[in-house]
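Colleague: Sharing a structure with you now.
Values in this text are rule-based calculations from the coordinates and carry no lab data. Since this is a predicted model, take the numbers as computed values, not measurements. Reconstructed Cβ throughout: ideal geometry from the backbone, glycine too, with neighbour counts over all protein chains shown.
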Amino acid sequence: MILVAPAGADPTLVEPLQAFLDEKAIEAGLRFQVLPELNPEEMDDARIVVALPPASGLGELVLANPQTNFLAVNFPELAPATNLSVINLTSQRPDQVGFLAGYTAAEITPDWRAGILTAAGSPEGEAMRQGFVNGVFYFCGLCRPVYPPFPMTGYPITLQIPAGAGAADQLAVINQLSTWQVSTVFVDPAVADEALFDQLSQAGINFILAAPPPQGNRLSWIASLGFGDGMQAVAEHWPALLDGQGGVGLSLPLGFTETNPDLLSPGRQHLAEEMLVDLHAGLIDTGVDPAVWQGQ
């Protein structure tokens, strides 16, 4: 049994997968190893191969080794085959992440004073920004505040944080949010860190993440958006993989992974989840051109 985990593979997937496969290899009496890449000459004795991006040449290896059962995790470009199953744990739609965050922010924020922080120069961040703005408007329409201040651009407030920003840069952005009395903000994963959460919390600004809950500042954390329990999906598919069955294609949909019920009530969460059903079904369009993040 082989886990292909190249340099640059997501450590939040590598570590739990390695522990899970190590345990399952012992149970099945298989030898288990972790490799940074997979060469054709190493395939003769391989019964099961689990691969993570950015592993390359996986499609060719699947075709050339019908005796081996493959599981590709987070390879949306691959189609399931007789000896290949594909589980995608992350969305390729940053606009949908932003749309859900914007909709949620609008439904819980007094006077629509919501905002978003994204990474400067990031196509994914720009897609999230546009999706967030449209998600806010989808919920509240014109979103006109009753009380001042009245920013010229209106709400939501959208701000960028440059790459490598330090505490001073973060504080400057938070001061702008405070100037416009923003009380709810969605934080792009590319700029999210505990220092930023500390400053947001100190400023009295609650935040939504597309990442696990923070280590601290749990009282200011509203919700985490994500794509279900990836390891649970792998575990559920494991017996079939071990039995040599392939052809499974599974994409875990966007949703709430964890929430703070003190800031996002069950009723409002349910309202957002009802909207998500239509979003996943294609009945709601985020209004964001895929070229924004695909670089077309």
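Colleague: With all distinct Cα pairs included, what does the Kirkwood hydrodynamic radius of segment 69-206 come out to in Å, to one decimal, could you say?
Modeller: On the way: mean 1/r = 0.0618 Å⁻¹.
It works out to 16.2 Å.
Colleague: Could you give each residue of segment 120-129 its phi-based ³J(HN,Hα) in whole Hz, using Karplus coefficients 6.51, -1.76, 1.60 with θ = phi - 60°, and x for Gly or Pro?
Modeller: So the J values, rounded to whole Hz, are 5, x, 9, x, 5, x, 5, 5, 5, 4.
Colleague: Using Cα atoms only, what is the angle between the long axis of helix 94-108 and the major principal axis of the chain, expressed in degrees (0 to 90) to the nearest 10?
Modeller: 40
Colleague: HN-Hα J couplings of segment 131-139 from phi, Karplus 6.51/-1.76/1.60, θ = phi - 60°, integer Hz, Gly and Pro as x?
Modeller: Values, residue by residue: x, 4, 4, 5, x, 4, 5, 4, 7 Hz.
Colleague: Tell me the Rg and the Dmax, in Å, that the Cα atoms of the chain produce.
Modeller: My reading of the Cα-based Rg and Dmax gives 21.5, 70 Å.
Colleague: Then there is this: Using a simple charge model, +1 on the beta-carbon of Lys and Arg, -1 on the beta-carbon of Asp and Glu, nothing else, what dipole does the chain show about its Cα centre, in debye to the nearest 20?
Modeller: About 840 debye.
Colleague: State the volume of the convex hull built on the alpha-carbon positions of segment 2-88, expressed per residue in Å³ and rounded to an integer.
Modeller: 89
Colleague: Taking amide H positions as placed in the peptide plane 1.01 Å from N, state which residues far from residue 161 in sequence (5 or more) or on other chains have amide H under 5 Å from it.
Modeller: Here the answer is 118, 119, 120, since their amide H atoms fall under 5 Å of that of residue 161.
Colleague: Just grab the label-to-label distance for residue 289 and residue 171, each label 7 Å out from Cα along the Cβ direction, in nm (one decimal).
Modeller: It works out to 4.0 nm between the two label points.
Colleague: Rank 62, 75, 87 by how far each Cα sits towards the positive end of the charge dipole of segment 2-88 (+1 on Lys, Arg Cβ; -1 on Asp, Glu Cβ) and give me just the farthest.
Modeller: Positive-end residue among those listed: 87.
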